[in-house]
Amino acid sequence: MLSETNEGVTFFQPVFAPVFAAPVGSHLLAEGRFNLDGFFIQKNRTGPYNGQLFKSTQIAQLDYIVNSRLTVVAGQSLVPFNTYNERLSEIWQQDFQDAPMLAGVGTRDSGTSVGTQLRGNAFANEHVHVNYVGWFSTRINKYSLNGTRAVGDRVEVFFPNKRIEIGTSFTRRLQGTQYKSVGVHFFWLPYRSPLQVRAEYAHNPHSQGYWIENSYRLSQWKGPDSFVGRIEPLFRFQQAFRNSVGPGDGLPKVDTKIADFGLDYHMPHDVRFNASYSRKFAQGADGNIWGLSMSYRFLFPAWREKKK
């Protein structure tokens, strides 16, 4: 359940997002992720709430694990541009309930692709891992599938001894107005510290920007299950630059900066409470954004494992 007050306008958004992963033999994996969510906004800031429900399919794919170096993916998948869309967009993984402003760059129009991906590990030793994704998407908007004709790739270099990952992404839209987007991401999870640092930069023909996010769970205070150890302060700073008029790229129409402050409280049984405050700085659109959310993640086997 999400609630937000943006410049005096309040809305509620209940979300139900089931995910399944079902192995089929030793080489096949079927995956699915669906969203059923509502959007209810207060009329005239003081009146009743009006809204509607939406449903969508985000993942409906089949993975064929050829070997440790290659997995072939077919179906509807999340666009693997930078990291937020594919790794951090699930409501139980988001530090903040609002995605960064740049989340739509390289993933437009819907954040999903319908086609084929080739992904895996190109090289690995004890000092460095090199991972890759190459993908092609076709144009479709029916049968709950949503894809734009596009092509792209992502290459990641991970240093396990430092727990640092650096990656680059590329997307080229091949339908309608053709254009390309490029991105860079950085992750750091230092040893012996609950600190997490994530950052992305993205650029398209009309705009560019970046975001950097830090979180630090206070688990070193008597363990992660203590009252203080369940607290996780958050901070994110993001900035978007408008280079030229470019409708439909998902970024603000003017240069915008946002400072986000948040607090996650990790309760037992995978229940998490989040509170946040954001200050937006933009020409003619300065404002405050207040957010509250609660998420509950539960797991269960779809069927019993066969005894050998």
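The values are calculated or read from the model by the stated rules, or taken from the named source; none is laboratory data. Computed from a predicted model, the values in this text were never measured in an experiment. With ideal geometry, Cβ positions are generated from the backbone for all residues, glycine too; neighbour counts draw on all protein chains shown.
Hey, among 230, 297, which residue is modelled with pLDDT of 90 or more, of a type in the set (D, E, K, R) and out of contact with any helix residue (DSSP H, G or I) (no Cβ under 9 Å at 6 or more places or on another chain)? Please lay out each step first, then the result.
Working: 297 fails: modelled with pLDDT of 90 or more.
One residue alone meets the criteria, 230.
Rundown of residues vs (1) in a loop (DSSP other than H, G, I, E, B); (2) within 17 Å of the chain's Cα centre (by Cα); (3) aliphatic (A, V, I, L, M), yes/no style:
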| site | (1), (2), (3) |
| --- | --- |
| 5 | no, no, no |
| 50 | no, no, no |
| 53 | no, no, yes |
| 72 | no, no, yes |
| 80 | yes, yes, no |
| 93 | yes, yes, no |
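Taking only the range 7-37 into account, find how many residues are hydroxyl-bearing (Ser, Thr, Tyr) and either surrounded by 14 or more Cβ atoms within 10 Å (Cβ to Cβ) or under 17 Å from residue 144 (Cα atoms) (or both).
Number of matching residues: 1.
Residue 301 passes all but one of (1) over 27 Å from residue 204 (Cβ atoms); (2) in contact with a strand residue (DSSP E or B) (Cβ under 9 Å, 6 or more places away or on another chain); which number fails?
If we test residue 301 against (1) over 27 Å from residue 204 (Cβ atoms); (2) in contact with a strand residue (DSSP E or B) (Cβ under 9 Å, 6 or more places away or on another chain), just (2) comes out false.
Among the residues of the range 232-271, how many are closer than 30 Å to residue 286 by Cβ, in contact with a Phe, Trp or Tyr (Cβ under 8 Å, 6 or more places away or on another chain) and not hydroxyl-bearing (Ser, Thr, Tyr)? Full working, then the answer.
The initial filter retains those residues of the range 232-271 that are closer than 30 Å to residue 286 by Cβ, namely 232-265.
Checking which are in contact with a Phe, Trp or Tyr (Cβ under 8 Å, 6 or more places away or on another chain) leaves us with 232-239, 255-262, 264-265.
If we keep only those that are not hydroxyl-bearing (Ser, Thr, Tyr) too, we end up with 232-239, 255, 257-262, 264.
Qualifying residue count for the region: 16.
Residues of the range 108-157 being assigned to a loop (DSSP other than H, G, I, E, B) and of a type in the set (S, T, N, Q), which ones?
110, 125, 138, 144, 148
Are any residues in the range 94-121 over 16 Å from residue 79 (Cα atoms), among the hydrophobic types (A, V, I, L, M, F, W, C) and out of contact with any Lys or Arg (no Cβ under 7 Å at 6 or more places or on another chain), and if so, which ones?
Within the range 94-121, just 101 meets the criteria.
In the range 46-76, how many are within 20 Å of residue 105 (Cβ to Cβ) and in contact with a helix residue (DSSP H, G or I) (Cβ under 8 Å, 6 or more places away or on another chain)?
Summing the residues that are within 20 Å of residue 105 (Cβ to Cβ) and in contact with a helix residue (DSSP H, G or I) (Cβ under 8 Å, 6 or more places away or on another chain) in the range 46-76 gives 0.
Would you confirm whether or not the range 245-255 contains a residue that is of a type in the set (Val, Ile, Thr), touching a strand residue (DSSP E or B) at 6+ places or on another chain (Cβ under 7 Å), modelled with pLDDT of 85 or more and assigned to a strand (DSSP E or B)?
Checked the range 245-255: no residue is of a type in the set (Val, Ile, Thr), touching a strand residue (DSSP E or B) at 6+ places or on another chain (Cβ under 7 Å), modelled with pLDDT of 85 or more and assigned to a strand (DSSP E or B).
Out of the range 254-276, which residues are surrounded by 14 or more Cβ atoms within 10 Å (Cβ to Cβ) and more than 20 Å from residue 228 (Cα to Cα)?
Listed by number, the residues that qualify are 255, 256, 257, 258, 259, 260.
Residues 41, 59: which one is farther than 29 Å from residue 166 by Cα, out of contact with any Pro (no Cβ under 9 Å at 6 or more places or on another chain), free of Cβ contacts under 8 Å to residues at least 60 places away in the same chain and surrounded by 13 or more Cβ atoms within 10 Å (Cβ to Cβ)?
Within the list 41, 59, the selection yields 41.
Determine whether the range 64-82 contains at least one residue that is farther than 19 Å from residue 201 by Cα, of a type in the set (A, V, I, L, M, F, W, C), surrounded by 13 or more Cβ atoms within 10 Å (Cβ to Cβ) and modelled with pLDDT under 85.
Within the range 64-82, none of the residues are farther than 19 Å from residue 201 by Cα, of a type in the set (A, V, I, L, M, F, W, C), surrounded by 13 or more Cβ atoms within 10 Å (Cβ to Cβ) and modelled with pLDDT under 85.
Going through the range 120-151 one residue at a time, which ones are modelled with pLDDT of 95 or more and surrounded by 19 or more Cβ atoms within 10 Å (Cβ to Cβ)?
Matches in the range 120-151: 133, 135.
If you check residue 20 against the conditions, is it modelled with pLDDT of 85 or more, part of a strand (DSSP E or B) and over 26 Å from residue 198 (Cα atoms)? Walk me through it before giving the result.
Details: modelled with pLDDT of 85 or more: yes; part of a strand (DSSP E or B): yes; over 26 Å from residue 198 (Cα atoms): yes.
In short, yes.
Is at least one residue of the range 271-285 more than 27 Å from residue 82 (Cα to Cα), modelled with pLDDT under 90 and either assigned to a strand (DSSP E or B) or of a type outside the set (A, V, I, L, M, F, W, C) (or both)?
Scanning the range 271-285, I find at least one residue that is more than 27 Å from residue 82 (Cα to Cα), modelled with pLDDT under 90 and either assigned to a strand (DSSP E or B) or of a type outside the set (A, V, I, L, M, F, W, C) (or both), so the answer is yes.
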